[in-house]
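Working notes for the structure below.
The values are calculated or read from the model by the stated rules, or taken from the named source; none is laboratory data. These figures come from a predicted structure and were not determined experimentally. Virtual Cβ from ideal backbone geometry, glycine too; neighbours counted across all protein chains shown.
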Amino acid sequence: MTVLDRRSFLTAAATAPLICNCTTFAADPKRPKLDNELGITTGSFMRHLSVERKAGKLQLLDLPKLMRDELGLRVIDLMTATLASFEPAYVEDLRNRAEKADCLITNLKMNQKGLDMASSDRAVRKRSMDEYKRTIDVAHRLGCRWVRPAPGRKRPDAKRLTGAYRELIDYAAPKSISLLIENNGWMRDDDDAIPSVVRAVGRGLKVSPDTGNWTDATRYKGLAKAFPVAVTCDFKAYMFGPNGEHPRYDLKRCFQTGWDAGFRGPWCFEHFNETLAGQLKGFVRLRDMLRRWMKEAANE
């Protein structure tokens, strides 16, 4: 597959709509632009979250203030498992706290267990679609611009997958929400999976590459194909070494691949540490790295 930069991709999509049934990636003028924004995916905090206030733990409702006051970050990429409740009062409280802290809740990762919107079992498909639609309603209440259903482990039937995406896209569109596709599950070892599904589904499906969810053999090829059409990125980092190195893979190369493709953010950190304090230090490290790399790249 030929890899296009962002400008070439958009030009091709605009000038040849009958040839390439591609997603339109136009910016919503009613929402803030996210260029150069940094944020956090809340899945990072799974082992450190608590519904009740506890020493060494974090309540999700306190995250917006912590992000702005202690980390200087704005973008919050939510995961369903980190929400204490789907009840309107809780959801609206979280949104209000985010707005008060000048944070942006951009995405809701729909990671409920046991769901498969492209299952061969009709009952599983219906249960999955019903739950995803309910979750899209929650995302709307949160003010999200995107939701991301979770892919299964096995490669699905293409017709069922495309139909499920289109049904959810049509449900979410009146709420000003688009769907995201992220390399996970069956897509991890296929560097062409994201662009091929986007071409098949078309309008309303946008891209969220995860730097860590590829196999080592497909990571950089997959990122090079996904970043030209990406609207957000999970910039994933595992444990850092004693000198700040990241032994799992080359974070700078991941960033540079995105930058060279024209992607400018948001870069949402997904990072893991045994302690909450250690994790916050890791976010500071990532924040400073990305800000330095963006400044250097902009000046080249």
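Numbers at a glance
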quantity: Every residue from the stretch 183-224 that is in contact with a Lys or Arg (Cβ under 8 Å, 6 or more places away or on another chain), farther than 25 Å from Glu167 by Cα and in a loop (DSSP other than H, G, I, E, B); calculated: Asp191, Thr211, Gly212, Asn213, Trp214, Thr215, Thr218
quantity: Matching residues in the stretch 106-136 - criterion: being closer than 15 Å to Leu179 by Cα, surrounded by 16 or more Cβ atoms within 10 Å (Cβ to Cβ) and under 19 Å from the mean Cα position of the chain (by Cα); calculated: Thr106, Asn107, Leu108, Lys109, Met110, Asn111, Met117, Tyr132, Thr135, Ile136
quantity: Test result for Glu300, part of a helix (DSSP H, G or I), without any contact (Cβ under 8 Å) to a residue 24 or more places away in the chain and over 23 Å from Leu104 (Cβ atoms); calculated: no
quantity: Yes/no for Leu168 being without any contact (Cβ under 8 Å) to a residue 40 or more places away in the chain and either of a type outside the set (A, V, I, L, M, F, W, C) or surrounded by 21 or more Cβ atoms within 10 Å (Cβ to Cβ) (or both); calculated: no
quantity: Subset tally (residues that are buried (at least 21 other Cβ atoms within 10 Å of the Cβ) and not in a helix (DSSP H, G or I)) for the stretch 251-297; calculated: 9
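Every residue, every condition in (1) closer than 27 Å to Arg285 by Cα; (2) at pLDDT below 95, yes or no:
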position	(1), (2)
Asn184	yes, yes
Asp191	no, no
Asp210	yes, no
Asp216	yes, no
Lys221	yes, no
Pro242	yes, yes
Tyr249	yes, no
